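Taking it in order: structure first as structure tokens, then the write-up.
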Amino acid sequence: MSAARTATGDASADGPVPTPRASVPPDHVEADADEGPSAVPVGSATDAVPARSDPTERRARASQSFWTAAVGVPAIFSVLRLGVEAGGELQTTLLLVANVGTVNLLAGFLTTAARLLSTGLVAVFALGTVLAVSVERLSPGTRRRPLFARWADLTPAWFVLASFLLALLTWPLLYLPLLLPAFVAAFQLRPERLHEWVVPRLLAIVALFAGYGWLMLPTLRDAGAQRELLVLALLVVPPVLALFIAGPLPGVVIRPLASVTEVAVLAMLVWAALPVISTPVLPLTVTTVGAENGPTEDVRGHVVTTDDVNMVILQERGGVRYVPVGLVRAQVLCPSEEELPRHRLRIHDFHVEDSLLEGLGRRVRPVHRIDAACRAPG
């Protein structure tokens, strides 16, 4: 009885008996003995890392959101383009969906929206990299990385290079100088990386600016004569900005800049997406219709499909017209109003509003004379 009393009794006098602890590894025995009864058991809640603070899980969520946006946005744009081109009519939209193949739709999207896609990617990678190298200046309690910084961290270098290459091929020549500061920011190419000594570094910078000046001098002279101030700014300011854009930002501007740039990039993409969505998927044609040796009529619109019986034309001013194949006398391919140039400037025989792909294409197939039927009202 005394033994039992010693083990379990006198609880009121000696206090409650502590709950037996789980077994611990031998290397923790000495630490537990030093810490006494207040030591925290192994495997308690304080040792567990919350899922929200796991860097691997955060990177996985950021990667999922990035690739969802990169894949989902083109698909949504393609569907919206068909709906807009159909004039918002359900049956016409279904007709386009049934006859415009996936490959044709993808090809049409890439040729017209590649600029929008590359612009969004270049902006995200440039801003994200600058924010990523600047976030270390924040206080330890507020170092949650901005969204663009997380996207820039998880994106492989080859994809970033491919985005800049796509922009180089599809952007109008007038806006290509903007790629210089964006590329410097995305890869953090500071002037110090040109050479470790100051004099050779300055000579390299002067040589680069001299080559750029030789390339752009005729265009700058013509832009000055035509008082094209916007063109002058787009050709002169970006190369100078590239010298200072790399490197971390002051800690006080990182959080506001991250929020403002995310909203600004989204607003820019929405603003640039409006003409992309309204751009036709099908080519614009003028089809001459009429009986043999009789009066003819020009039908202006987009050919949806042609079979043995009818040619289906989505008219430019709305409505679908079925034209018997036997009544078709001629057909002319016409340019749209958006393709007409607004500037009279060239960069070494390339028009400033053409991309490199368009400029090379015009050298292979020069612009033909616009047919008179294209100028006639529909």
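Values in this text are rule-based calculations from the coordinates and carry no lab data. In this text, all values refer to a predicted model and were calculated from it rather than measured experimentally. In this analysis, Cβ positions are derived from the backbone assuming ideal geometry, glycine residues included, and neighbour counts consider all displayed protein chains.
Things worth noting here:
- A viscosity of 1.567 mPa s and a temperature of 4 °C, combined with the Kirkwood radius over C-alpha pairs in the Stokes-Einstein formula, give the stretch 231-378 a diffusion coefficient of 64 µm²/s.
- In nm, spacing of pseudo-spin labels at residue 64 and residue 322 (7 Å Cα→C-beta vector): 4.9 nm
- Calculated FRET efficiency, residue 111 to residue 203, Cβ-Cβ distance, R0 = 51 Å: about 0.75 to the nearest 0.05.
- Extension gain (nm, one decimal) between residue 264 and residue 193, 0.36 nm per residue minus Cα-Cα: 22.5 nm
- A Förster radius of 22 Å combined with the Cβ-Cβ distance from residue 364 to residue 333 puts the calculated FRET efficiency at roughly 0.85.
- Estimated FRET transfer efficiency (residue 226, residue 349; beta-carbon r; R0 22 Å; 0.05): 0.80
- Ranked packing of 173-186, 316-329, most packed first, by mean Cβ within 10 Å: 173-186, 316-329
- Annotation: extensible slack from residue 84 through residue 168 equals 27.3 nm (criterion: 0.36 nm per residue apart, minus Cα-Cα distance).
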